[in-house]
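Since the structure comes first, as structure tokens, the remarks are kept for the end.
Every number here is computed from the coordinates shown, using simple stated rules; none is lab data. Since we're looking at a predicted model, the values are computed, not measured. Neighbour counts run over all protein chains shown; Cβ positions are idealised from the backbone, glycine included.
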Amino acid sequence: MVFIGMDHGTTGISFCLMDDDENILDIFKIGREDSKSGKVSAVEELSKRCDLDSVKLMAITYSMGDGINKILPADKVKDRGILSINGAGKVTGGGTSVFSELENSNIPSIMIPGLHRHSTSLNDLFNAAYSHQASPEKVSISYNAIKETNWKNFIVADISSNSVNILIEDSKIKGAMDACIGAMGIVHGPLDLEMIRDIDEGKRTANECFSHAGAIKIACIDGKVANMKDQLLENYENGDEKAKLAIDTLIMTVAMEIAGLDVVCENEIDGIILTGSVGSATEPFNFQDEINKYFKNKYELKIISKESGAIGAAQIARDVYNGKKDILGIEVDLS
């Protein structure tokens, strides 16, 4: 009996294979360019690692997930569960290729929704303030976090190409801050006044601004999304002042966002969960230590796997298959 979780990430598509006892059988990642070019087949890679007939359920995250607000069978979801691909960062087509391949397979699948204004599980204040709060893999990350800690009230800080922080209260997702309105990530970040002026003057599109508004903006780095993080960290390690300023600024904005979510939590939080390729980093800087300089040991900080999106999705698949009807306040509807 095998369960699969798929994390539709910025730099690639990750898969986790898990058995019914929640033992991880394998985790692997397909680069977006490799998927788009046809070099790598997701179904072939999965079949190398398990008998596909033994897969009981796969949980898929895809793009913004703003076209659905429940966990639904994939074959019951229209338009892949999204309203539009626009405004979602740089589009390479790699994730679309993987989705199409899985769609044409016989693997039983469910789709996890994103967090947005039509999400009935969220606090009304968050839905009133923001049209979109987080993409579907943030739900699976949060589920893995609650499994790892058994905490009921906490904040998940997922820091990588973009930064999204999620507030969980009484074991339900209360709300989140999306990458385009809050903290910086490596690549993506909030649009400031200069960018808004550039958009109005036709110099750049909003999506182009969003895709260059993270730490790379400060470090003056451009290129392929998959290479930007490595370039930034290499520059940082080599003592580049712009790279150091970029990382320090990113950390400050994340600390500000976490503190803001703590303020609106009605309960005392158990702690902060750090994840993502940057949130879990220990070198060339230790993210946990650096962000704790702002918190001054106020919070208990725990790191979970940077593959928590795929792991959590596999855990959701397992629990939904075994009859769970609610995931962090999100309804499961298999009818």
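By other beta-carbon atoms within 10 Å, ranking I110, I30 with the fewest at the front produces I30, I110. As a proxy for reagent exposure, ranking D158, D7, D319, D53 by other Cβ atoms within 10 Å from fewest up yields D53, D319, D7, D158. So which of K172/K325; K29/K76; K48/K76; K172/K306; K174/K302; K76/K147 end up more than 24 Å apart, counting from Cα to Cα? Flagged as over cut-off: K29/K76; K48/K76; K76/K147.
Neighbours of C16, meaning other residues whose beta-carbon lies under 9 angstrom from its beta-carbon, give a summed charge of -3 when Lys and Arg score +1 and Asp and Glu score -1. Summing Cβ point charges (Lys, Arg +1; Asp, Glu -1) relative to the Cα centre of the chain gives a dipole of roughly 400 debye. Highest GNM mean-square fluctuation among K244, K29, K39, for the chain modelled with Cα contacts below 10 Å: K39. Between P284, P108, P136, the GNM of the chain built on Cα springs shorter than 10 angstrom shows P284 fluctuating the most. Let me make sure I get this right: for region 227-335, a, b and c are the square roots of the gyration tensor eigenvalues over alpha carbons, sorted descending. Under 1.5 in a/c it's rounded, otherwise prolate if a/b > b/c, else oblate. Which is it? Oblate is the answer for region 227-335, as a/c is 1.5 or above yet b/c matches or exceeds a/b.
Below 15 angstrom from the Cβ of V77, what's the summed charge of the other residues (Lys, Arg +1; Asp, Glu -1)? Neighbour charge sum, excluding V77 itself: -2. Indicate the gyration tensor shape class of region 157-287 (rounded, prolate or oblate), computed on the Cα atoms with a ≥ b ≥ c the square roots of the eigenvalues: a/c under 1.5 is rounded; otherwise a/b larger than b/c is prolate and the rest oblate. Oblate.
In a reduced charge model with +1 at each Lys and Arg Cβ and -1 at each Asp and Glu Cβ, region 149-303 shows a dipole moment near 100 debye about its Cα centre.
Within the listed set K78, K302, K138, the residue fluctuating most in the Gaussian network model of the chain (springs between alpha-carbon atoms under 10 angstrom) is K78. Just rank S142, S100, S305, fewest to most, by other beta-carbon atoms within 10 angstrom. With the sparsest Cβ surroundings first, the list reads S100, S305, S142.
Taking the charge dipole of the chain about its Cα centre, with +1 at Lys and Arg Cβ atoms and -1 at Asp and Glu Cβ atoms, the residue from A219, N165, A74 reaching farthest to the positive side is A74.
Across region 163-169, rounded Karplus estimates of 3J(HN,Hα) from the backbone phi angles (6.51 cos²θ - 1.76 cosθ + 1.60, θ = phi - 60°) give 10, 10, 10, 10, 9, 10, 9 Hz, Gly and Pro being marked x.
Scanning residues 5 or more positions from G185 or on other chains, those with amide H under 5 Å from its amide H are S163, A215, with H placed 1.01 Å from N in the peptide plane.
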